[in-house]
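Have a look at the structure below, then the notes.
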Amino acid sequence: MYKVLLHNDDYTPREFVVAVLYSVFGMHESKAYSVMMTAHQQGTALVAVYAKDIAETKAQEACDMARQEGHPLMLSTEPDT
């Protein structure tokens, strides 16, 4: 299993981050806002845990959405130990 992590940046609008978490990860708005704020305050936040292929695909999809809109949003994956 792999964790998907959201990394804070000072440029991507909060509303956009919430929208990405909603559309890619199926989060309710309040949960997405909470994850976004955790990343904002602590530098990173756990988004979800998936099988490796799914985690990597979802992280890439979210980053691609951000790039299409000109935002530097960053998500990464790492093994869930």
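The values are calculated or read from the model by the stated rules, or taken from the named source; none is laboratory data. All figures in this text were calculated on a predicted structure; none of them were measured in a lab. Here Cβ is always computed from backbone atoms with ideal geometry, including for glycine, and neighbour counts include all displayed protein chains. Ligands, DNA and RNA are stripped out before the accessible areas are found, and what is left, the full protein with its side chains, is counted by its heavy atoms. Shrake-Rupley method; radii C 1.70, N 1.55, O 1.52, S 1.80 Å.
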Tell me, what is the 1.4 Å probe accessible area of GLU69, in Å² to the nearest 10? 120 Å²
Calculating Kirkwood radius over Cα pairs in Å from this structure picks out, from [x] 14.8; [y] 13.1; [z] 12.2, entry [z]
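Size of the dipole of the chain about the Cα centre, Lys and Arg at +1 and Asp and Glu at -1 on the beta carbon, nothing else charged, in debye to 20? Mind showing how you got there, number by number?
Details: 6 positive and 11 negative charges, 32 e Å.
That gives a dipole near 160 debye.
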When Lys and Arg each count +1 and Asp and Glu each count -1, what net charge do the other residues less than 15 Å away from VAL20, Cβ to Cβ, add up to? -2
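What ranking do 8-14, 18-24 get when scored by the average of other Cβ atoms within 10 Å per residue, highest first?
Numbers: 8-14: 12.7, 18-24: 19.4.
Answer by packing, highest mean first, reads 18-24, 8-14.
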Just order 72-79, 40-47 by mean Cβ neighbour count inside 10 Å, highest at the front, would you? 72-79, 40-47
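Which value at 222 nm does the chain reach when only helices count, each DSSP H run of 4 or more adding -39,500 (n - 2.57), with the total divided by all residues and rounded to the nearest 500 deg cm²/dmol?
Values: 3 runs with 43 residues, N = 81.
So the helix-based figure for the chain works out to -17000 deg cm²/dmol.
Keeping every protein chain present and rolling a 1.4 Å probe, give me the accessible area per residue for region 1-68 in Å².
Values: 4030 Å² over 68 residues.
That works out to 59 Å² per residue.
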Determine the gain in length on full extension of the stretch ASP10-LYS31; use 0.36 nm per residue of separation and subtract their C-alpha separation, reporting nm with one decimal. 5.5 nm
Straight-line reach check, LYS58, cutoff 14 Å on alpha carbons, 8 or more apart in-chain or any other chain, hits among aspartates and glutamates -> GLU78
Given a 1.4 angstrom probe, I'd like the percentage of the accessible area of the chain that is carbon and sulfur, rounded to a whole number. 50 percent
Per the charge dipole of the chain (beta-carbon charges, Lys/Arg positive, Asp/Glu negative, Cα centre), the residue among MET65, SER23, VAL35 reaching farthest to the positive end is VAL35
